[in-house]
1. Evaluate the distance, in nm, between pseudo-label points positioned 7 Å from the Cα of residue C:349 and of residue B:291 along their respective Cα→Cβ axes.
2. With N denoting the number of residues in region B:1-128, provide Rg(C-alpha) divided by 2.2 N^0.38 Å, to two decimal places.
3. Report the charge-dipole magnitude of the protein assembly as shown in Debye, nearest 20, computed about the Cα centre from +1 at each Lys and Arg Cβ and -1 at each Asp and Glu Cβ.
4. If I require 30 Å or longer along the helix axis, counting alpha carbons, and a Kyte-Doolittle average no lower than -1.0, what helices from chain B are left? Use full DSSP H segments.
5. Looking at the protein assembly as shown only, what percent of DSSP beta bridges run antiparallel? Nearest 5 please.
6. In Å, the Kirkwood hydrodynamic radius of region A:76-164 over pairs of distinct alpha carbons?
7. Straight-line reach from residue A:36: which lysines have a Cα under 26 Å away, not including same-chain ones fewer than 8 places off?
8. Among all the lysines, which ones have a C-alpha under 25 Å from residue A:99's C-alpha, if same-chain residues fewer than 8 places away are not counted?
Amino acid sequence: MSETLTLGRLFRLALLSFGALIFLAPYIFMLSTAGKDQSEIFSASLSLIPQHFSYLANFTKAVMRVSVPTLLLNGVIVCGLILVLQVVVAVPCAYAMAKLKFGAARILMAVVMLGLLVPIHATALPLYVAFDRLALLNSYTALVAPFSISVFGIFLFLQFFRAMPDDLIHAARLDGMSEVGIVARVIVPNAWPAVTAFAIFSVVAHWNDLFWPLIVVTNQSYATPPLGLLFFRAAEAGDDYGALMAATLIITLPLVVAFLLAQKRFVEGITMTGLKG
Amino acid sequence: MADVALPASAAETAGRREAQIAWLLASPAILLMLLFIVLPTIAVLVLGFTDFELGYGGFRFVGFENYADLIGDRTFRRSLWNTTVYTTIVTPVSIVLGLGIALLIESEPRGRDFFRTVYFLPVASLLVAMATVWQYLFHPSIGPLNAFLALFGIPGPNWLGASSTVVYGLSIIGIWQSVGFNMVLFLAGLTAIPRELYAAAEVDGAKSAADRFRLVTWPMLGPTTLFVTTISVINSVKVFETVKTLTEGGPNKASEMLLFTIYQEGFVYLRVGYASAMTVVFLAILVVLMILQYRFLDRQVHYT
Amino acid sequence: MNVFSLRDIRKSFAGNTILKGVSLDVEAGEFIALVGPSGCGKSTLLRIVAGLEHPDSGEIRIGDREVSQLRAADRNIAMVFQSYALYPHLTAGQNIAVPLAMRKLTGMQRLPFIGALRPGQRRICADIQRQVAATAVSLKIDHLLDRKPGQMSGGQRQRVALARAMVRNPSVFLMDEPLSNLDANLRVHARGEIVELHRRAGVPTLYVTHDQSEALSMADRVAVMIGGNLLQLAAPQTIYDDPSHVEVARFIGQPRINLLPAIRDAQGMVQFGTLRLTSPAEPGQAANVTLGIRPEFVQLRPESQGMLAARVERLEFLGSEVIVFAKLAAIGETVLAKVTPAEARGLTAGQAIGLQMDPSRMMLFAEDGRRLPSAPVSAAAREAVHG
């Protein structure tokens, strides 16, 4: 790989840069519009730098009308609970399926494979009816419970555990550990790459999910970030683009910052979960 | 004989103990799978044969009446058609772009991390939020996109507001959002190709980049491409966020998509039985896609 | 006549010098083994010859062509890779056909479906099939042609890789550790086969290996590379008996050669115990030197006999021979002796013994590693010392 700029390389770089500009355009306009006042937005110019910096006004409007801290807190609570439950439930099950012999393993494997096919969209109707009957709508329980089991998590950990040497577990048994001790002190620490990858996948998926929260939550105080933004849009009638962009910016920022800080892990996590799923 | 029997029974006890522990470890997962996956799936299949509506007390079994209604339901047919159009646009374009960008990034040592980050950014962004930004970009009078087109004297359409263009508008957002995901999968596939194969291809006389792509890259990416295709199709069929946020199926049902129609029917009009029948169709589509993938995997891209 | 030569090849990666000016001439039909420890630059040299890497300086000639500016595809070389690098999606037959198809068919003719419609395509394809079949028969893999690499054993894959390299007539054959992925038995068998194939085809071959027994047993000449330098290029027997550098002596030979520190005095005399050598040298200069002797030229004597007093540390029984590890009483260095089991009978660890070394087999190396000429001190002189 020589460092000289050939015509071919120049062309490739130009192509990549042009594409990058298009992909970044929404972010650029979001940043720009969040600082423009109403009249400037409606003058429909392509200029990116606001004539009068209205960032303060727009952000104040956004923060006044959406309870940003509540939304973010709800997002963190829901995603955190989901992730912890998923890992706590899926890891022991995957370990049992990968390393222990028991009669139901094959049937369980079939259920997991079928489960991979069934998204929340397919089970939402009966679950909604059930939560309605139990008067559990508008609660963290309703937001979290259906995702406490992740067949995808089981599948991912299963693949990972199968690749782990049996000798590791035999050695732990010889050292006198119980099976639960083996899971907690040998399997989980060694499964860390898989857990990280799964965590990124899970958090991205549930932070961004609109479908299920939209169904079970009508009360603003339980709204997750996407749902909160939807409420805000409805309230604003979609006209005040300055405030809308400011709100959008605030809501988008946490995950984007997390991504930018740990992008290598993000990409690895998505790749790993993607390729194995 | 007792000498032989004794170790066998010891092994049996050990085996039973191991099975007990396995059950114990797997039981929470089994219970939750039954509760949140198996039972609801069965319930959907059953509900599809009823006229159950939320808010009314009882329901009765109506056989295939719901499915018969679906065939004649113009909204549902429109919804299936729109989803098909959306999928046939978004899937191939996002795969070709994802592969192209991955190849460019792979062959260009400079700025690799930067470009990967930029193209992946939409995957990590809140789609509902970014849809709002797109709505502004697409705005017929104040949107930058049409202002840009106007520079070249092209009158821009009312992207999300006209029934003739709304599916294309949503498709553009869908492509923008999924290219990065496909790209990282292709990048992973590319790094998994042994370097020696390229060396062998060069020694064997593959002079041009196109020759090497045909001899090594494309066949070696086979499993990745198949997987990316399946995932892209499934994700396109599941399009919901942008529809709900931006168009609510409009104008005039021109952007009704499968999941949005199910959502409206089941959770807005509360006709659970009828919506369940739609859900069964949706599930059937997913099953068919998976079967197609496995068939193809066995025949075409399995090398060992 | 040289069919192939390298002149002063230099290469460095990111500030690390991998090749420090390597020159090599290969004659018609010769089999040259390039051997050295891992990281010595031998694989880089091979990849440079193949055109997969480009040297920082130096020239490569194949026949009368200077090829260092040519791409791999234009050099008419064939190569067998360590991992075999077979295309996993193609059958064995298709794999073997690739180098022919790439050269004989145009891009259009190689296109699926459309290709079959191009003029001449059918005739050329039939031609290719004939050559593939002939090569397959000569390597006894004609029954494998429809299988994919995933369905073959390691040995079978190795043969397909050989066939792919042999199917056209290359001007040079390059092999990069082609046997290292085979199990031990198969490896010894495959050595003989490759030598036989080379003898029949007569194409000059450059064979890279880290396994000295492979190099010594297969090659016409062995090139020993260490630390980016080609230290010696000679027949296997010469490399073993008469190494030109201390590193060559150290690398070649199992068990390893004994190397002992000594001093050459101003008169050119080297003394080690009762052992004495003369080495013609610039007079008046004393210098540190290294004495080398192969374990098979060290004999055991009873205690307080022989040239050097030593103590047995341990014994390694290898079946037909025994390696005795003995620590020299005088300087604490461990010396290896290769003896017959009969000679080693009754020896135990800790036992005191004497060692006798054959002075005519002693080698002398300068401090910088160069080999120095040396001769045992004449019988008369020796008697004078003993007397």
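1. 7.0 nm
2. Values: Rg = 27.8 Å, N = 128, 2.2 N^0.38 = 13.9 Å.
Expressed relative to 2.2 N^0.38 Å, the Cα Rg reads 2.00.
3. Details: 79 positive and 70 negative charges, 268 e Å.
So the magnitude is around 1280 debye.
4. On the way: long enough: B:2-33 (45 Å, 0.70); B:74-107 (49 Å, 0.79); B:166-191 (38 Å, 1.60); B:272-296 (36 Å, 1.90).
Both cut-offs are met by B:2-33, B:74-107, B:166-191, B:272-296.
5. Details: 63 of 80 bridges.
Antiparallel bridges make up about 80 percent of those DSSP assigns within the protein assembly as shown.
6. Working: mean 1/r = 0.0701 Å⁻¹.
After inverting the pairwise mean of 1/r, the radius is 14.3 Å.
7. Those lysines meeting the cut-off are A:61.
8. Straight-distance partners of residue A:99: A:276.
We did not get these values from a lab; they are worked out from the coordinates using the rules stated. Every value quoted in this text rests on a predicted model; they were computed, and no experiment measured them. In this analysis, Cβ positions are derived from the backbone assuming ideal geometry, glycine residues included, and neighbour counts consider all displayed protein chains.
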